[in-house]
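**Q** Input: one structure, supplied below.
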Amino acid sequence: MRRRAFLVLFFLWPLFLFAEDQYVYITSTGTKYHTESCSYVAHSKIKILLSDALKKGYLPCKVCNPPTAVELPSSPRPESNEASIIHRTVVGTVTGITDGDTVTLLWHNQTYRIRLNGIDCPERGQAYWKAAKEFTAQLLFSKPVSVHVVDIDRYGRYVGDIYLGNLYINAEIVRAGYAWHYKKYSDDSELARCEIEARKKRKGLWQDAHPIPPWEFRR
Ligand SMILES: [Zn+2]
C-alpha cells in the first residue's frame, strides 16, 4: 500500500513541477524548446523557464507542442478578457503589416494589433513611411515570432517587443534607419545605440538633412 502511494507520487511529481514553474527544455544547439518527454531532448536536455526560452527567441517544437504563453508574475491577468495577451510573452504569426511600427499578430485563432515598443516610424505622408513599412514586412510577414507584450495603448493596440529567433526586431528597425528611438516612452539603451549608429551611417530616413520626428508631424 505504501509502495503504491510512493509510486503515484513518484510519477506525478514531474507533472506537478511542470505545472507550477512552467519549465521547458532546450538542447545546446537547437532553436526550439520542448516538453520534457519530447524525443528531441532525449539525449541533450537543458531545463529553462518558459519565459526565458521565449525571451531568448526559442520557438515551440511542432512535435511536442509545449506551452506558448506565460504569465509574468508581476501582473495579474485581467478578468474581463480571457484571451488578453497583455503582460505575457506569446508565440504567434505576423499576418499583417499596418506600417513600420504596427503589425497584426495571429495567436490562438485571434488577431491582435501590436505596436512595437519604444520605436516610432515615419507616418503615412512622411518620407520613408513606405520604406519603413516594407522593411518591417520583409522581416516579419508570415513569420513566427515571440512577442513580449508590455502594455496596451489608448488605441487598443498591444505594445510589445518582437523577437524573430534571437533577433530583437524593434532594434533592427531603428538600426536600419526606419524608426526613431521613441525616447518619450523608452529609455532602452540598445534602441538609443541603434539610433546613434543609424544617424552616423546616414541609413534610411537619416539620409535627409532634417527629418521631422513622427511625433512632431502628428501634432
Ligand atoms: Zn519537442
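Laboratory data are not the source of any read-out in this text; all were calculated from the coordinates shown. Bear in mind the structure is a predicted one, so any value in this text is a computation, not a measurement. Every residue, glycine among them, receives a Cβ derived from its backbone with ideal geometry; neighbour counts consider all protein chains shown.
**Q** Residues with beta-carbon under 15 Å from that of K183, excluding K183: net charge, scoring Lys, Arg +1 and Asp, Glu -1?
**A** Local charge sum for K183: -4.
**Q** Suppose we take every Cα in the range 73-219 and form the convex hull; what volume per residue is that in Å³?
**A** 116
**Q** Taking 0.36 nm per residue of sequence separation and subtracting the Cα-Cα distance, how much length would be gained by fully extending the chain between S28 and N166, in nm to one decimal?
**A** Here the segment from S28 to N166 would lengthen by 48.2 nm.
**Q** Another question, then. Quick one: 3J(HN,Hα) in Hz for the range 181-193, Karplus 6.51/-1.76/1.60 with θ = phi - 60°, rounded, Gly and Pro as x.
**A** 6, 7, 5, 4, 10, 8, 10, 4, 6, 5, 5, 4, 4
**Q** Compare the Cα positions of G160, T111, G96 along the charge dipole of the range 88-217 (+1 at Cβ of Lys, Arg; -1 at Cβ of Asp, Glu; about the Cα centre) and return the one farthest towards the positive end.
**A** G96
**Q** Length gain on complete extension for the stretch K56 to A192, per 0.36 nm per residue less the alpha carbon to alpha carbon distance?
**A** Result for the pair: 46.9 nm of gain on full extension.
**Q** Anything over 28 Å Cα to Cα? Flag those among K56/K130; K32/K201; K130/K183; K45/K133, in the order listed.
**A** Check vs 28 Å cut-off fails for K56/K130; K32/K201; K45/K133.
**Q** To the nearest 20 debye, what is the magnitude of the charge dipole of the range 88-217 about its Cα centre, counting +1 on the Cβ of each Lys and Arg and -1 on the Cβ of each Asp and Glu?
**A** 180
**Q** Enumerate the calculated ³J(HN,Hα) couplings along the range 111-120 in order (Karplus 6.51 cos²θ - 1.76 cosθ + 1.60, θ = phi - 60°), each rounded to whole Hz, writing x wherever the residue is Gly or Pro.
**A** 9, 9, 7, 10, 9, 5, 5, x, 10, 9
**Q** Report the net charge of residues surrounding T98, where surrounding means a beta-carbon distance below 14 angstrom and charges are Lys +1, Arg +1, Asp -1, Glu -1.
**A** That sum, taken over residues with Cβ under 14 Å, equals 0.
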